[in-house]
Every structure is written in structure tokens, then in C-alpha cells.
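Structure first, commentary second.
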Amino acid sequence: MADAKRWQEQGGGDFAKLCQGLALFHAGDFKAAGTQIEALVPTLGKDDPKAAASLLGRAGWAWLRAGDQGRAERLYSAALNKTPGDTDLLIDRAFARAEGERFWDAIADLDAALARDPRRADAYLYRASANKALSNHRQALADIDRALELKPGDPEAILLRGNVKALGGNLPAARDDWALARRVAPDSEWGRAAADNLARTAEIAAGAGKDAVKEKAKKVQ
């Protein structure tokens, strides 16, 4: 931020302001970052649709991190108007839509992204999460399997697979996946979440009724 301000004083103009916006983002001041970056679109993106889309996408991510899902989605949509069919922007907008619990709209964006690039493991994983939220467990598991084909051993995918299996009532298989996620990446957020899920379900792993299994599964991460 100090360097950006000095650059601004030396005549850095809008590019210095962009650096300030990025510094604000990395400092965690997401609202200020989103406002700063969004304000630069009419100048830095005036004659360059790709530059405009990039700025709108960065601003969208800042507003999403700030908790304003609606504004983030509008910015991603504006970016897609500049560069229609952009895979990364489709995935980002899907993420924003899922944050707003618009899961079918998120799936539509992810379908479009995967039609353009069927090797995006992250898109399969996001679509699996949306299908999980809609209780489409079979489709969620199919998406997770595809993600793991593209990115073997991914602890996030393994954790999610365990969660979906738990919600479907198959707690033993879920615990196998959580144990695997913990072994693969014990110090990651996914490994820690898997360890928490194992601890939460330990008391019913030895033979609680199916209804109790499903009720406990609702609490997995």
C-alpha cells in the first residue's frame, strides 16, 4: 500500500489506484477493495473488453469476500457480457450463486463451464457441492469421482465424498473417506474437518440405528 501511494504521488494514475485496490484486498478490507477496483473499470477497461472483464471479476471476488453475494454476481455477469463463455468467470459466478443458495443457477453455470473445458476438476467439485445441497447425492458422487480422476488424492474431494455418503446414510463408507482425507492431508483444513467428522460420529459408528446415523450426518462439515 505504501508503494502504491508513493507511485500515485509520482503520477502513477489509475494503475497506482489498482495497486492500492489489490493491497486493500490482501489486507482484508474487501469492501474498500471492491469499490476501488470497480471504479477503475470505465477507465482501465474502456477500450479493452478483456481488461474490463478482469477488473469486474476481481471486484466481484472482493465483494463476495465482503459478504455481498448479490453485488458479486452482478459484477461477474457484467464481466461475462464483456467476455462471453469465459470458463473462469462462469465458475466464479457459480460460486457466488451457490453462496446465495441459488444452486440450480450455479449448476447451469458449471454445466456451461464444463462444456467448454471438461478437465476442470474444481468445476466438478463445485457442482458436486451444489448437488449435495439439493440432495442429489448420486449426481454429487459422480461429479466427485470425475474430479478425483482429474486430481487424484485431492483431500477436499475425498472429504466431500465422505460427507455425501454420510448424508445418504452410509456412515461406514463416509468414515473410510474421512480417515483417508485425514491421512492424505492431516494439516489442511480438509484433513482437520475430516478429523472433526470422525470425532462427531465416533459414538454411533459401532451400530446406532439408521435414523440416528442420518441425523448425525446432518452435522458433518
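No value in this document is a laboratory result; all are computed from the given coordinates. These figures come from a predicted structure and were not determined experimentally. When we count neighbours, we look across all protein chains shown, and the Cβ atoms used for this are built from the backbone with ideal geometry, even at glycine.
Sequence gap at least 6, Cα distance under 8 Å: using those rules, report the relative contact order of the chain to the nearest whole percent. RCO, the chain: 9 percent. In terms of the mean number of neighbouring beta-carbon atoms within 10 Å, the peptides 14-21, 128-135 order highest first as 128-135, 14-21.
Picking from LEU141, PHE95, TRP61, whose Cα lies most toward the positive end of the charge dipole for the chain (charges on Cβ: Lys, Arg +1; Asp, Glu -1)? It is LEU141, whose Cα lies furthest towards the positive end. Paramagnetic label reach from ALA39 (point 7 Å along Cα→Cβ; backbone nitrogen cut-off under 15 Å): within the stretch 56-86, residues 59. Note on the chain: Cα Rg divided by 2.2 N^0.38 Å, N the number of residues, gives 1.21.
Divide the volume of the convex hull around the Cα atoms of the stretch 28-131 by the residue count and you get 87 Å³ per residue. Using 0.36 nm per residue and subtracting the Cα-Cα separation, the extra length available between ASP47 and ARG119 on full extension is 22.7 nm.
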